[in-house]
Amino acid sequence: MTNITSKNTVIIALSTALLLTGCANQTPNLSSGNVEYGDSKAVETLTNQFGSTDLQSIAQSMSNSLLQSPALRAKSRPLVTVADVKNHTSEYIDTKAITDTIRAKMLKSGLVRFAVDTSAMQNQTDELIRQNSGLYKKSKSKKLGQMEGADFRIEGTIASIVKRADDVKDVYYKFSLQLIDNESGVIEWADEKEIRKTSNQSMF
Amino acid sequence: MNLTDVKRKINPMNWVLFASLFLTLNACSTIPSVPNPNSIPAKVEQLGEMSYLHVSHIAAQKRKQLLFVQAEISNSDSDNQQLFYRFKWLDANGFVIDNDEAWQPLLVYAGQQQTINGLAPTPQATDFRILVSSPDNTGNP
C-alpha cells in the first residue's frame, strides 16, 4: 500500500513538473501583456488630428510628383536643399518629419542629390573646422571652400480648415510644396496634397 | 436479363477502376490555373476577397527610368466603399525592392471608378503588385 502511494506521488509530481514546463514562454518575447508592436504603415484613424497616415500620404504624393517634374529631369542628378515648411494650422505638426521623409524617398531613387539644409549646417561647419584644425593630415582631411551650392530648394506650407456642426467635426488639410531655382528665383514646380478627415461624435 | 445479372457480369475490379478515374478527374478540375503574368489577377494581391470593389484596369509605363502604374478601381455597390491600397515593387529577377510603402486610404463613391497611381522608388523596379484591402472583404470577421 505504501509502495502504491509513493508511486502515485511520484507520478503526480512528474506530471505537474511537465505541465509547468509546458506553460513556460516558448517565444523570444518578454511581455507584460499590455504592449504589442503594430504595423507602422497601417492607416491610423484614432483621432482627426494630424497623424502618421497623413504624414506618409503627403510624403508619398509629393515625392512622386517631384520625381516626375521636368525641372529635376533637365539636369542629371541636380542638387537640392530643403528649406522650411511653415505650419499654418492650429495644431502642432512636425513639418521637418514630412520633409525628411520626402528627402529620403527622393534620395533612394538615385535621381536627385541633396545638400545639407540650414538645420544641419552647424554640424557641417563644425566637422570641416575640426578636420582643418591642424590635428589631421592635410592629405587626408577635407578642404574648406569645396561645398557645392544647391541648384534648387524645396519649401512649402501646411494649412487647415476645421469646421464643426452638431456631432460632426471636419478637418481639411492642404499641404503645398514648391521647387525654386536658387539662382533665378523661378518656381519650377509646385504641387498640393489635400486631406479630409471627418469624425462623428454621436453616441448612437 | 435483370440488373442483378448485369452487376454479376461486370467485373468488380472495373467498379474500382471507374471510381478511381472519377476521383482523379474530379481532383484535376480543382487544380487552380496559373494566371497570365500580364493579367490583372497576377498583379493584384487581395487581403481577403473584396465584395464590391474591383480592379478593372491596370496600365504601366516606364517614364524616364521610373515605372509608373495607374489602376482603376470600380465600386459595384450602391453604397460608398473604403479601400486601402499600396504598391509593392519588384526587380527584373522577382526580388522585392520596396515593400515599405504606407497603406493609403481611398473613398470610392457608389458606382464610381477611381484612379490610383504608383511610381516606383528606384529605376531597378521593373514589376509591381498592387495590394488591396477593403473593410467589406468577405474574409473579414
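The values are calculated or read from the model by the stated rules, or taken from the named source; none is laboratory data. Because the structure is a prediction, the values reported are computed rather than measured. Note that we place each Cβ from the backbone using ideal geometry, even for glycine, and neighbour counts take in every protein chain shown. Accessible surface is based on the protein model in full, side chains and every heavy atom, while ligands, DNA and RNA are left aside. Shrake-Rupley method; radii C 1.70, N 1.55, O 1.52, S 1.80 Å.
Among the residues here, B:Thr122 does not qualify as assigned to a strand (DSSP E or B) and either touching a Gly at 6+ places or on another chain (Cβ under 6 Å) or of a type in the set (Ser, Thr, Tyr) (or both). Evaluated against (1) in contact (Cβ under 8 Å) with a residue 12 or more places away in the chain; (2) closer than 23 Å to B:Pro105 by Cβ; (3) touching a strand residue (DSSP E or B) at 6+ places or on another chain (Cβ under 6 Å), A:Val43 falls short on exactly one condition, (1). If you go through region B:86-105 and keep only what is more than 10 Å from every other protein chain (Cβ to nearest Cβ) and either buried (at least 16 other Cβ atoms within 10 Å of the Cβ) or in a loop (DSSP other than H, G, I, E, B) (or both), you end up with B:Lys88, B:Trp89, B:Leu90, B:Asp91, B:Ala92, B:Asn93, B:Gly94, B:Phe95. Taken together, the criteria exclude A:Tyr136 from residues that are of a type in the set (Phe, Trp, Tyr) and open to solvent by less than 80 Å² (accessible area, probe 1.4 Å). The condition (being at negative phi, part of a strand (DSSP E or B) and open to solvent by less than 60 Å² (accessible area, probe 1.4 Å)) is satisfied by just one residue among B:Ala59, B:Ala110: B:Ala59. Residues that are more than 14 Å from every other protein chain (Cβ to nearest Cβ) and in contact (Cβ under 8 Å) with a residue 60 or more places away in the chain were ranked within region A:89-117; the one that is most open to solvent (accessible area, probe 1.4 Å) is A:Ser90.
A quick yes/no check of all residues on (1) at pLDDT 95 or above; (2) open to solvent by less than 90 Å² (accessible area, probe 1.4 Å); (3) hydroxyl-bearing (Ser, Thr, Tyr):
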site	(1), (2), (3)
A:Arg153	yes, yes, no
A:Gly156	yes, yes, no
A:Ala165	no, yes, no
A:Tyr172	yes, yes, yes
A:Gln178	yes, yes, no
A:Trp189	yes, yes, no
A:Arg196	yes, no, no
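Cβ-Cβ contacts under 8 Å between residues 6 or more apart (or on different chains), taken from a first residue in region A:145-165 that is within 27 Å of A:Asn132 (Cβ to Cβ) to a second residue that is among the acidic types (Asp, Glu) and outside any loop (DSSP other than H, G, I, E, B), are listed as A:Asp151/A:Asp181.
Could you tell me whether region B:74-82 includes any residue that is in a strand (DSSP E or B), in contact (Cβ under 8 Å) with a residue 12 or more places away in the chain, buried (at least 19 other Cβ atoms within 10 Å of the Cβ) and over 18 Å from the mean Cα position of the chain (by Cα)? Scanning region B:74-82 turns up at least one residue that is in a strand (DSSP E or B), in contact (Cβ under 8 Å) with a residue 12 or more places away in the chain, buried (at least 19 other Cβ atoms within 10 Å of the Cβ) and over 18 Å from the mean Cα position of the chain (by Cα). Scoring A:Thr53 on the criteria (1) within 11 Å of chain B (Cβ to nearest Cβ); (2) among the β-branched types (Val, Ile, Thr); (3) touching a helix residue (DSSP H, G or I) at 6+ places or on another chain (Cβ under 8 Å) leaves a single failure, condition (3). Residues in region A:61-81 that are open to solvent by less than 20 Å² (accessible area, probe 1.4 Å) and either within 11 Å of another protein chain (Cβ to nearest Cβ) or touching a helix residue (DSSP H, G or I) at 6+ places or on another chain (Cβ under 7 Å) (or both): A:Met62, A:Ser63, A:Leu66, A:Leu67, A:Ser69, A:Leu72, A:Pro78. Tell me yes or no: at least one residue of region A:127-145 is in a loop (DSSP other than H, G, I, E, B) and either under 30 Å from B:Ala120 (Cβ atoms) or touching a Gly at 6+ places or on another chain (Cβ under 8 Å) (or both). No: region A:127-145 contains no residue that is in a loop (DSSP other than H, G, I, E, B) and either under 30 Å from B:Ala120 (Cβ atoms) or touching a Gly at 6+ places or on another chain (Cβ under 8 Å) (or both). For region A:27-47, a residue qualifies if it is open to solvent by 100 Å² or more (accessible area, probe 1.4 Å) and within 30 Å of B:Ser134 (Cβ to Cβ), and the qualifying residues are A:Val35, A:Glu36, A:Tyr37, A:Thr45, A:Leu46.
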